[in-house]
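Below: one structure, written as structure tokens.
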Amino acid sequence: MNRLFWNLIWPSLASAKMEHLEALDGNDLYEPTVLDVLVVRAMINKAFGLAPELVDAVIDAAEYWPHSTVIGDYRQLQGGMKAAVGSSSRGSKNLFLARSQPLGFARHPAGADPQAWAEEEPKPIQLQKEHPREKLQDLAKCPLTLVEHPCRKIVFTIHSRDQGWGGNVQDHGTYKSSFTWFDAGLERFEAGDGVSASAPALDASELRSIWPEVRTNEQGEQYIHADLLSDPEHLVQFNLLAAARVMKHRVEWSYLDDIDPQSTEAAESLERVGRGTNSVDGKFVRSLKLGDVVTLWARARFAGWQNRVQRVQMDVYWVV
């Protein structure tokens, strides 16, 4: 929350608020809880008598949103990393890393183990029927009715590298010709046959993958993963080609992003920084619904290529 907002909207709280902010580490920002947002909304309304839609506009303009965080930290593993491996005989070339809390939920669903929730790879089962929004609203336990598309931004923080060699020598130190990358996926809860409609909580076993897509073939239900190239609409970040050390990438997708990724300037910029179209067009964020779950996958293609992941973090922000 910035200093100007607090001085203008609630002067009596500005001093105490800034003391709290200044006590934080210089690299930290104050991250409000759902309760914080509700209290501030009530205070703005009481102080100024603004219409609800104007209060919403103030909250949005200040980016005063609650959020959830999921972290995958692999530094304690042998070698200090987890890896997607391009050669399928040596490991998975499509590595599930983490999933967010359901969008709009301040806590994990009741009874869910946070670590298992975040790390358990979903089984490839097709979605038959979505939960109605009314049930998800009840399970979110938010005192206010959430909007249909509440997501405001997603921040991916990725510490990773490739195998450190290979590819076109002239492209080393760039993102061109990189065959290791990260994708964002999407899951929704199943409400069809076999799932109790009266269940008091949602479980990770009820999640169904929307992307990667699940299809049925002679071997049963299987994920459809891109064979060679990344899907630009789900691409989060490529690894720097032939990097000698772990690199940190922070990628933000915002509901306000509205640039045509096919424009020459945008396409060149995305290629230069190794990112997908959702870094500029915001479609993924704007499409997310209450209860949606964002997933993160590591990819590697071709023998010898490895996507070595040290740590990942997803922060998902939504409006109350």
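Within segment 289-315, can you find the residues that are more than 18 Å from Trp117 (Cβ to Cβ) and outside any strand (DSSP E or B)?
If the condition is that a residue be more than 18 Å from Trp117 (Cβ to Cβ) and outside any strand (DSSP E or B), then Lys289, Arg301, Phe302, Ala303, Gly304, Trp305 are the ones that fit.
Evaluate the following for Gly185: is it at pLDDT below 95 and either farther than 25 Å from Tyr223 by Cα or in contact with a strand residue (DSSP E or B) (Cβ under 6 Å, 6 or more places away or on another chain) (or both)?
The answer is no for Gly185.
Tell me which residues, restricted to segment 296-319, are more than 15 Å from Leu241 (Cα to Cα), buried (at least 24 other Cβ atoms within 10 Å of the Cβ) and β-branched (Val, Ile, Thr).
Across segment 296-319, the qualifying residue is only Val316.
Filtering segment 44-71 down to residues that are of a type in the set (D, E, K, R) and under 19 Å from Val155 (Cβ atoms), which residue is surrounded by the most Cβ atoms within 10 Å (Cβ to Cβ)?
Taking the candidates together, the pick is Glu63.
Residue-by-condition table, conditions (1) closer than 30 Å to Asp138 by Cα; (2) surrounded by fewer than 19 Cβ atoms within 10 Å (Cβ to Cβ); (3) among the aromatic types (Phe, Trp, Tyr):
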| site | (1), (2), (3) |
| --- | --- |
| Ala204 | yes, no, no |
| Asn217 | no, yes, no |
| Asn239 | no, no, no |
| Ala244 | no, yes, no |
| Asp257 | no, no, no |
| Glu265 | no, yes, no |
| Ser269 | no, yes, no |
| Gly291 | yes, no, no |
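From the list Arg152, Arg161, Arg90, exactly one residue is among the basic types (Lys, Arg) and modelled with pLDDT under 95. Which is it?
Arg90
Exactly one condition in (1) outside any strand (DSSP E or B); (2) closer than 16 Å to Ala204 by Cα is not met by Ser87; state its number.
For Ser87, the failing item is (2).
Results for (1) hydroxyl-bearing (Ser, Thr, Tyr); (2) touching a residue at least 24 places away in the same chain (Cβ under 8 Å); (3) farther than 28 Å from Asp60 by Cα, shown as yes or no for each residue.
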position	(1), (2), (3)
Ser230	yes, yes, yes
Trp253	no, yes, no
Arg272	no, yes, yes
Asp281	no, yes, no
Val294	no, yes, no
Arg299	no, yes, yes
Arg308	no, yes, yes
Gln313	no, yes, no
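Out of all the residues in segment 160-177, is one or more crowded, with 20+ Cβ neighbours inside 10 Å, touching a strand residue (DSSP E or B) at 6+ places or on another chain (Cβ under 9 Å), of a type in the set (D, E, K, R) and not in a strand (DSSP E or B)?
yes
Identify the residue in segment 103-149 that is of a type in the set (Lys, Arg) and not in a helix (DSSP H, G or I) and, among all such residues, is modelled with the lowest pLDDT.
Looking at residues that are of a type in the set (Lys, Arg) and not in a helix (DSSP H, G or I), I get Arg107.
Based on what the data block shows, is Phe105 crowded, with 17+ Cβ neighbours inside 10 Å and closer than 25 Å to Asp231 by Cβ?
When the stated conditions are applied, Phe105 does not pass them.
Consider segment 243-266. How many of its residues are in a strand (DSSP E or B) and closer than 27 Å to Gly173 by Cβ?
Within segment 243-266, residues that are in a strand (DSSP E or B) and closer than 27 Å to Gly173 by Cβ number 7.
Condition (residue is in a helix (DSSP H, G or I), closer than 27 Å to Leu256 by Cβ and not charged (D, E, K, R)) applied to segment 59-73: is it met by at least one residue?
So far as segment 59-73 goes, yes, one or more of its residues are in a helix (DSSP H, G or I), closer than 27 Å to Leu256 by Cβ and not charged (D, E, K, R).
The values are calculated or read from the model by the stated rules, or taken from the named source; none is laboratory data. Keep in mind it's a predicted model, so treat the numbers as computed, not measured. Please note: Cβ atoms are built from the backbone with ideal geometry, for glycine as well, and neighbour counts cover all protein chains shown.
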